[in-house]
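Working notes for the structure below.
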Amino acid sequence: CAQAQAVTPPFTPQGPLALSSGTDEDWFKITVGAADVHRRFHVVTTTVAANPATDTAVEVLFGGDCGQLTSLSYADGQGGSWGPSFSEDLVSAPAPAAGTYYVKVAAGQRQGTAGVTGTDYGLSITLE
């Protein structure tokens, strides 16, 4: 969390991102202003042609220091996609207050098992 990349929705990075291991995490920091309170984060991960077997999990967190964050929404196949592409499509609970929010992308629960060994993924973060 301390190394989170500050982004402004709508955010889609140029080229794929990568999880270098089953314990790697990518963090993104978003500042929500008063006008965006009660809006929802829409976080989509996609597999990419080079690594169609990358299983991701996504979480939206808020509320203070990195060690004190509260989960707003989480998806690793439950509430998100659980198909052969291992992608997630999460629409979070509404943002309860203005402040700093984080999106965490990590390896999903199937990463590293049964041939699920990809590293690259695509990402989109929007506010709705």
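The values are calculated or read from the model by the stated rules, or taken from the named source; none is laboratory data. None of the values given here were measured: they were computed from a predicted structure. When we count neighbours, we look across all protein chains shown, and the Cβ atoms used for this are built from the backbone with ideal geometry, even at glycine. What goes into the accessible areas is simple: the full protein's heavy atoms, side chains included, and nothing from ligands, DNA or RNA. Shrake-Rupley method; radii C 1.70, N 1.55, O 1.52, S 1.80 Å.
Relative contact order for the chain: what is it in percent, counting Cα pairs under 8 Å that are at least 6 residues apart? Provide the component values of the computation, followed by the final result.
Numbers: 325 pairs, mean separation 53.6, N = 128.
This gives 42 percent for the chain.
Kirkwood radius for the chain, taken over all pairs of different Cα atoms as the inverse mean of 1/r, rounds to 14.6 Å. Net charge near His42: determine it from the other residues with C-beta under 15 Å of the C-beta of His42, scoring Lys and Arg +1 and Asp and Glu -1. It works out to a net charge of -3.
So, with a 1.4 angstrom probe, what is the percent of accessible area on the chain that is carbon and sulfur? The partial results should precede the final answer.
Working: 3190 of 6220 Å².
Solvent-exposed carbon and sulfur of the chain make up 51 percent of the total.
Charging the Cβ of each Asp and Glu at -1 and of each Lys and Arg at +1, and nothing else, the dipole of the chain about its Cα centre rounds to 160 debye.
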